[in-house]
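Here is the structure we will look at.
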Amino acid sequence: MRRKAFWRTTIVLAGLLMTAACTTETATSPVAEAPVARGHAVRFTAASAGPVTAETAYSASSLGALMPQFQIKPIETANENNTTSALAAFSNGLQVMQFLRGSNGRVGEVFGVSENIVGPNGERLGMTFRQARVSHGSCRMGGELWTDMAICPAPGTRNVFLVFAVPQYRGPLDKLPPPAELDGAELQRIVWRPA
């Protein structure tokens, strides 16, 4: 009799633990719905883009010393207004971050361009606008080379921006799509600027 009671109690406890574990995984932030990153995860915050800060020198050797797990190589990339030379961090042949030259020989902007990047609130590339929980009113449509992109400050920051692709939008270039359309836009890159 004691043995049966023991097993009943064990089964009930196991069920409760499994329910609690499931609830914990899905209850909170956008991270629960984010794509799974492979390789080295790098967090962007208001203070830094991974190990890169406002004081980081713009050079392959400086960036390589900060991030020895990545290969740093020169590339061409597009910011909102033009194409420009930049440096990029690669992991297993795939681009993870792009670094644009700023003033005084320092890094000016960092673009997170892979699922390995984690935004200040757990944002990851591939998430929808709705999953990232961004306020529609804080966003604007991009200009020049980013005309089909919605650019929004990451909640709680003024220097980290989430760039969402809105490829089907055919409205005025200076106006955001309606909220229902914008909600499905996909996060393409996370942009960090020195504060």
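The values are calculated or read from the model by the stated rules, or taken from the named source; none is laboratory data. This is a predicted model, so every value here is computed, not measured. Every residue, glycine as well, gets a Cβ built from its backbone with ideal geometry; the counts of neighbours run over all protein chains shown. Side chains included, ligands, DNA and RNA excluded: accessible areas come from the protein's heavy atoms. Shrake-Rupley method; radii C 1.70, N 1.55, O 1.52, S 1.80 Å.
Points to keep in mind about this one:
- Karplus-derived 3J(HN,Hα), 6.51/-1.76/1.60, for each residue of segment 80-97, Hz, glycine and proline x: 5, 9, 6, 8, 8, 6, 8, 10, 9, 9, 10, 10, 6, x, 10, 5, 10, 9
- Asp148 accessible area, 1.4 Å probe, all protein chains in place, Å² to nearest 10: 60 Å²
- Local charge for Pro153 was computed over the other residues whose Cβ lies under 13 Å away, with Lys and Arg +1 and Asp and Glu -1, and equals +3.
- Zone of Glu76's modelled label, taken as backbone nitrogen in segment 91-109 under 12 Å from a point 7 Å along Cα→Cβ: none
- Residues whose amide H lies under 5 Å from that of Ala154, counting only those 5 or more places away or on a different chain, are Val160, Phe161, Leu162; hydrogens are built 1.01 Å from N in the peptide plane.
- Neighbour net charge for Pro172 - beta-carbon separation under 14 angstrom, K R +1, D E -1: 0
- Coupling constants for segment 42-50 follow from the phi torsions by the Karplus curve (6.51 cos²θ - 1.76 cosθ + 1.60, θ = phi - 60°), and in residue order they are 10, 9, 9, 10, 4, 7, 7, 10, x Hz; glycine and proline get x.
- Put Arg189, Arg106 in order of accessible area, highest first, and with a 1.4 Å probe you get Arg106, Arg189.
- Positive contributions from Lys and Arg (+1) and negative ones from Asp and Glu (-1), summed over other residues with Cβ under 12 Å from the Cβ of Ala46, come out at +3.
- For the pair Gln69 and Arg158, label points projected 7 Å from Cα toward Cβ lie 3.2 nm apart.
- For Arg101, the residues 5 or more places off, or on other chains, whose built amide H falls under 5 Å of its own are Gly108.
- Distant-in-sequence amide H partners of Arg43 (H built 1.01 Å from N, under 5 Å): Gly50, Val118
- Computed with every protein chain present, the accessible area of Thr157 is close to 20 Å² [probe 1.4 Å].
- Leu100 contributes about 10 Å² of solvent-accessible surface, heavy atoms of the protein only, 1.4 Å probe.
- For segment 135-150, putting each phi into the Karplus relation 6.51 cos²θ - 1.76 cosθ + 1.60 with θ = phi - 60° gives couplings of 6, 4, x, 8, 9, 9, 7, x, x, 6, 7, 10, 5, 9, 10, 9 Hz, in residue order, rounded to whole numbers and with x for Gly and Pro.
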